[in-house]
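Quick note: the coordinates plus some simple rules give every number you see, no bench work behind them. All values reported here derive from a predicted model rather than from experimental measurement. FYI the Cβ positions are ideal-geometry reconstructions off the backbone, even for glycines, and counts take in every protein chain you see.
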Amino acid sequence: MVLIAVFGVALLVAVLLSGLAARSVLSTSLLFLVGGALVSDGFLGLIHITPESDLVRITADLALFAVLFTDGMHVSFPALRSAWKNPARALALGMPLAFIGVTLLTHFLVGLDWTTSFLVGAVLAPTDPVFASAIVSRKEVPARLRQLLNVESGINDGLALPVVLILIAAAGPTAHGAEADLGKIGLELVGGLALGIAAPVVVNWLVRFRLLGAEPKLQPLLPLAVGVVLYAVCHLTHSNPYLAAFSAGAVLASLSPEAKGAFEPLGEQLAELAKFAALLVFGALLTPELFGDLSFGGYVAVVLAIVLIRPASLLLSLVGTSFDRRERLTAAWFGPKGFASVVYGLLVLQAQVPQGQEAFTLIAVCIAFSIVAHSSTDVPIARMFDVGDLVGLSDDTGKKPQEDKKDKQDKKAGGAVPRQPREGADRTRS
């Protein structure tokens, strides 16, 4: 009950400060992370949570599922078909480069063995747009950049999971059956993808029956019901719930734009609540002892993983693309470590592999640093994309220079051609 009370207070404070956070470096995500740390055993001692607690695993798992389900609904298949190369580059080249880079840092700076170092690299390779929400949700940010980050983060969680599971098996005390597990892991991924496609298809087919269909006020609950059933079935059948969540959201939005429109406000709020709860619980794990257990080399590795490895790997993967310099730098910087890394880090800890505790400490500190760095820079960087509209706002006539030039062109043409609103033009250009 104390945890619920703390969550309620943190939620109230976050809502009251959300307006300020939307236009400054203040982050509501950071508020929950700090709030969880303050009430943990390391400070006030109001709640007692350990990394082995089921509460930690379940909240992180639910949050990741909810976020991926709602993120999947933002994927446009027509747009993706015409611009699939950039996300493919990030996944096929940028992600492996980040994986290798973090592995090398872990081995040479932290001193973990190669298998555990590869395991840390796999856990920290996925990215999460939750802690850079201003980038993937603001309309002033080019659509292709938002799509790149959203699709990359939605898919790379599922791609990293089989590698994590194989390396856990290889790092175990007996290092048993990594090859034998490949078939099982493949079935989990295929099962998750199949369920993620089948569930919305079946529901959309059922809605077409004359006697079936949701009344308007209950329409937002239809996608929610799909998500709840899908989450339970995935865990019952040991299918990959994260790949299922993202694919189900994308397929549902494609088959039924009406359902997407009805669910979107509710879905965003539920995803936010799940995210805040998981952040609060994760923050409770960030005790002074945890930070004290990490060596100096570990802190160097954490900083380099955030400010060097991710930016360098994605910049290399985007060489030759049509992104301008500002878009490339933004995409390279926003590779936050999020709930997928939390869940996979807990898998490492709970598997009790040799050096698992050291690996989890490094992973947890890296996630905490990433949340602080990325969630406090998304708003300022997103606003940079609107700088062109902020400088030279008006001349003596109160019009922007571009508009004045267009007016002159219209007058030469007889003034009969109406001008489209700037906002629509910007969206088309994006």
Requested in this report: At 7 Å along the Cα-to-beta-carbon direction for both ALA92 and LEU187, put a label point, then send me their distance in nm to one decimal.
Outcome: 3.0
Query - Label-point gap, in nm, between VAL2 and LEU212 - each point 7 angstrom along Cα→Cβ - result: 4.8
Query - Gain in span if fully extended, GLN269 to LEU221, counting 0.36 nm per residue against the direct Cα distance - result: 16.0 nm
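To the nearest 20 Debye, how big is the dipole of the stretch 38-94 about its Cα centre, given +1 on the beta carbon of each Lys and Arg and -1 on that of each Asp and Glu? Don't skip to the end; give the middle numbers.
Details: 4 positive and 5 negative charges, 115 e Å.
Taking the Cα centre of the stretch 38-94 as origin, the dipole is about 560 debye.
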**Report entry** Prolate/oblate/rounded call for the stretch 151-277, Cα gyration tensor, a/c under 1.5 rounded
**Finding:** prolate
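Suppose the chain between SER53 and TRP114 were pulled fully straight at 0.36 nm per residue; how much longer would it get relative to their current alpha carbon spacing?
My answer for the length gained is 19.2 nm.
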Query - Simple Cβ-charge dipole of the stretch 304-362, Lys/Arg +1 and Asp/Glu -1, about Cα centre, in debye nearest 20 - result: 180
Report summary line: Under the rule rounded for a/c under 1.5, else prolate if a/b exceeds b/c, else oblate, using alpha carbon gyration tensor axes a ≥ b ≥ c, the stretch 198-331 is classed as prolate
